Amino acid sequence: MSRKIALRDAIREAMTEEMRRDENVFLMGEEVAEYNGAYKVSKGMLDEFGPQRVIDTPISELGFAGIGVGAAMNGLKPIIEFMTWNFAVLAFDQIVNNAAKTLSQSAGEFSCPIVFRGPSGSAGQLAQQHSQTFEAWIANCPGLKVISVSDPYGAKGLMKAAIRDPDPICIMESEVCYGDMGEVPEEEYLLKIGEAAVMREGTDVTIVSFNKMMKVAFAAATELAKEGIQAEVIDLRTIRPLDHETIVKSVKKTNRLVIVDESWPFAGVSSEITYVVQKYAFDHLDAPIIRVNAADTSLPYSAPYVDAYLPNAKKVIDAVKQVTYVK
Amino acid sequence: MTQLANKSKVKKSTSKKKFDKETYLKWYEMMLRIRRFEERTLMAYGQQQVRGFCHVYIGQEAIAAGLISAIRPEDAIVTAYRQHGLAISRGIGTKECMAELYGKKTGVVKGKGGSMHFFSKEKRFFGGNGIVGAQIPIGTGIAFAEKYKGTDNLCVTMFGDGAARQGALYESFNMAMTWKLPVLYICENNHYAMGTSVERTSNVHDLYKIGHAFEMPSEAVDGMSPESVHNALEKAAAHIRSGKGPYYLEIKTYRYKGHSVSDPAKYRTKEEVKEYKDQDPVKMTEAKILKDKIATPEEIATIKAAIKKEIEEAVKFAEESPLPSGDDIYEDNYLQKDYPFLT
C-alpha cells in the first residue's frame, strides 16, 4: 500500500521512524524544535521526542556541527540539520577535517556515524550567498558519502539508510521540492546508498540529473517525446559513491549523454560523470557528452539573472538535439 | 607592567591538602616518563626517524600529572596536537606512542596518525586534533553524549592559548553553559600561539576571563605544580559531576622548547625561559619529595632507572617494528566494507 505525501513529510517520517527505532538518534539544528523547522521538515518531532532529542541550537554552525561530531565519536547517531548548506560552509572544518577523517586518523578506533542534512542549491531570487549547490564540494572529500534527493520515495528510503549507515553522510535537499508530492509505501523500506535509479526508460539519449534538476530533466523528456525522441532519465540519488554502472549501462543503450547539473561546471558532478563515461563507454558514444550546468558565475538577484543562470528544459532540449544531431 | 611581570602573575597553590607518598611518586614517575619520552622524540626527529609536524610537551608535564590523579579513567579527554604527554598520562604505552612517531604499523594508530593524531577508545582518548580549536566543539559533543546517556562522566577538553581565539570556543562555551554539559575546559596557556604572544593577540590577557562572558565558573591555575593542577581539577570535576554544567580552567604553563621541532623560539627572552625553567615541574617535584622526605633518594633513583629503561625499550620497539606496507591505504576510510573507491 502506498499514499502520496510531500517530500518534507517523507524526510520527517524517515527521521521519526529511526528515532523510534534507535534511542541514540537525535536531531539538532537551528529552529528544528519549537519553530517546527525552518521548512517544517521536523514539524511535531519536538512533541513526540521532547527537548532531549530534538534540540534547538544557537546560530553556531561550526559549534553544533562539532558537537555532532563529538557525540557521534562517543556513541550517538546525530542528525545535524543546516537551515541551508550555504550556512554549512561555516562548519566545513568539522565536516571535512573531522567527520570525514576521524576513522582514518584514528586507524579505525573511532567512527563518526553522523548525518548532516539540509537544502542545497538555488530557491528563487535568493541572490549570491543563498543559492549554491554543495554536492561537488563535499563529494570531493574521501570519508564522506553524499546523497542528493529529488522525490519523496527516494528521500525517505535514503534518509533511513543514511541514519543507519556507520559512515558520515551529507544529504542535500531543496527548498523548492519540500512540497512536492509523491507515492511512498506505507510499509517500511530502505534504499541502498550508492545506487542510481532509471526513472524513465528511453532509447535515444540518456539524461542524468539529481535533486530538483530532475524536474527539468523530466520536463525536457516529456517535450522531446512529443518530437519522437525517447530520453532515458536517471536520478543519481547518491553523488558519492557515484553509481557509474547504471549510467554506463544506459549510455551503452542510447549512445548519447546529456548531464543536467545545478553545480557550477568547473570540477562539478558533471565533470566526474563525463570522466567515467569516456573511460567505460568510449566506443559507445555517438556524440560528445554535453552538460547543462548553472552558469559559471555567482547568481545575481533579479529574475532574468535566475533564468540565465539555471538549467531549464529548453537548454536541455537544445543539448539533446545537439547530441542526437536533430535540427 | 612588563610582559614578563604580567606572565609571572600566576596564582600559586594555597591548598593545605597533603598528598600521600603514592600520589607524589605517581606524579613524579609520569612527569619523568613524559619528559624522557619527549627528549628522546626530539633526538629521533633530529635523526629523521620521526617526521612531519611534531610538538613536544616539555615544561607542561605537571598538567598531565594532575590529570591522572584528579580525573577518572572513565572520563573522556580530547586535545590538540601537543598531545604525546597527555596520551601517555592516559595510559597509552610509550612503545605504541614512539612506534607511531616512527610511522610504524605497531603504533597506537598503526602509523596513520603520527605525532598529531593519537587515539584510543579503551583509554577514552579522543585525539589528537591538528586544527587549532577544532577539538573544542568535539569535546563539547563528547560531553553532550555523556549527558544524553545519563552517565557520571565528563569530558576534559584541552586547548592552547592560541585556540582560545577561535570562534569555535565561543560557540562551544555558549552551548555548553546553556545545556549544562559535563565538560571541563582546560586552556593550557603556554603564552605563545606558535610565535605570537598572548599579549599581542588580544586585549584580554587573562584567558580565564573569557568564561565570565558565559557566566561559566572560570579560574586561573598554576600549571607548574601537580598539586595545584590536581586541586583545581578536583574542584572543577566535583562541580561538573554535581550537574551544574561546565567549568573552565586556564592553566598557566610554559613550553621549554619551540612551538614545533622546527621552531628556535627566538621570540622569547632568555630571562623569561630561565624564569620558567626555575619552576621546572619535574625538578621541583623531585626536590620536594626529597626535602620533605616523602621518599628516599634510592626510591627516586629506582624510578629514574625504570623510566630510562622503559624509554630505551620504546625506542627499540619503534625501531624494530615494521612499517605499514601502504597496501592498506583504502582501509579505515569507510566502515562500509565494499566501498567502491575510484582507482
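The values are calculated or read from the model by the stated rules, or taken from the named source; none is laboratory data. Keep in mind that this is a model prediction, so the values were computed, not measured. In this analysis, Cβ positions are derived from the backbone assuming ideal geometry, glycine residues included, and neighbour counts consider all displayed protein chains. What goes into the accessible areas is simple: the full protein's heavy atoms, side chains included, and nothing from ligands, DNA or RNA. Shrake-Rupley method; radii C 1.70, N 1.55, O 1.52, S 1.80 Å.
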Problem - Residues B:Lys270 and B:Glu298, FRET efficiency given R0 of 51 Å [Cβ-Cβ distance, rounded to 0.05] - result: 0.90
Practice task
Tell me the label-point distance for the pair A:Tyr325, A:Glu227, using the 7 Å Cα-to-Cβ offset, in nm and rounded to one decimal.
Solution key: 1.6
Completion exercise
In whole Hz, the Karplus estimates of ³J(HN,Hα) for region B:304-310 (6.51, -1.76, 1.60; θ = phi - 60°; x where Gly or Pro) are 4, 5, 5, 5, 4, 5, 4
Practice task
Write down the percent of antiparallel bridges among all DSSP beta bridges whose residues are both part of chain B, to the nearest 5.
Solution key: 10
Completion exercise
So, with points 7 Å from each Cα along the Cβ direction, the B:Arg51-A:Glu187 label distance in nm works out to 5.7
Exercise for the section: Enter the accessible area per residue of the protein assembly as shown (Å², integer; probe 1.4 Å; all protein chains in place). Expected result: 40
Practice task
Rank A:Arg291, A:Arg117, A:Arg21 by mean-square fluctuation in a GNM of chain A with C-alpha springs under 10 angstrom and give only the top-ranked residue.
Solution key: A:Arg21
Problem - Simple Cβ-charge dipole of region A:197-323, Lys/Arg +1 and Asp/Glu -1, about Cα centre, in debye nearest 20 - result: 120
Fill in the blank from the handout: With Cα coordinates, the longest principal axis of chain A makes an angle with the long axis of helix A:7-21, in degrees rounded to 10, of 40
Fill in the blank from the handout: Output row B,A: buried area (accessible, probe 1.4 Å, summed both chains) in Å², nearest hundred, equals 3600
Fill in the blank from the handout: Amide H proximity to A:Phe82 below 5 Å, modelled H, separation 5+ or other chain, gives A:Arg117, A:Gly118
Completion exercise
At R0 = 60 Å the Cβ-Cβ FRET efficiency linking A:Phe282 and A:Tyr35, nearest 0.05, sits at 0.70
Completion exercise
In deg cm²/dmol, rounded to the nearest 500, the helical mean residue ellipticity at 222 nm of chain B, built from -39500 (n - 2.57) for every DSSP H run of length 4 or more, is -13000 deg cm²/dmol
Practice task
Please average, across the residues of B:149-155, the number of beta carbons from any other chain that are within 10 Å of each residue's own beta carbon, and give a whole number.
Solution key: 1
Exercise for the section: Could you sort out which of B:Lys105/B:Lys316; A:Lys101/B:Lys110; B:Lys110/B:Lys316; B:Lys277/B:Lys308; A:Lys212/A:Lys315; B:Lys112/B:Lys308 sit more than 19 Å apart by Cα distance in this structure? Expected result: B:Lys277/B:Lys308; B:Lys112/B:Lys308
Practice task
Using θ = phi - 60° and the Karplus relation 6.51 cos²θ - 1.76 cosθ + 1.60, list the HN-Hα couplings for region B:120-136 in order, rounded to whole Hz, with x at every Gly or Pro.
Solution key: 8, 5, 4, 8, 6, 9, 9, x, x, 10, x, 9, 4, x, 5, 6, 5
Exercise for the section: Grab the Cα-Cα distance for B:Ala305 and B:Glu39, subtract it from 0.36 nm times how many residues apart they are, and report the gain in nm with one decimal. Expected result: 94.2 nm
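Sum up the charges of everything whose Cβ sits under 14 Å from the Cβ of A:Ser250, counting Lys and Arg as +1 and Asp and Glu as -1, but leave A:Ser250 out.
Combined, the nearby Lys, Arg, Asp and Glu give -3.
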Problem - Peptide-level mean, for B:105-114, of C-beta atoms on other protein chains within 10 Å - result: 3
Handout entry: Exercise: per-residue mean of other protein chain Cβ atoms within 10 Å, B:119-130
Key = 4
Problem - Most mobile of B:Lys252, B:Lys121, B:Lys26 in a GNM of chain B (Cα contacts under 10 Å) - result: B:Lys121
Handout entry: Förster-model FRET efficiency, 35 Å R0, A:Ile59 and A:Val176, C-beta, rounded to 0.05
Key = 0.90
Practice task
Give me the percent of DSSP beta bridges within the protein assembly as shown that run antiparallel, rounded to the nearest 5.
Solution key: 20
Problem - Placed amide H near A:Val292: partners under 5 Å, 5+ positions off or other chain - result: A:Ile259, A:Val260, A:Asp261
Exercise for the section: Please determine, in degrees from 0 to 90 and to the nearest 10, the orientation of helix A:61-73 with respect to the longest principal axis defined by the Cα atoms of chain A, where the helix direction is its Cα long axis. Expected result: 70
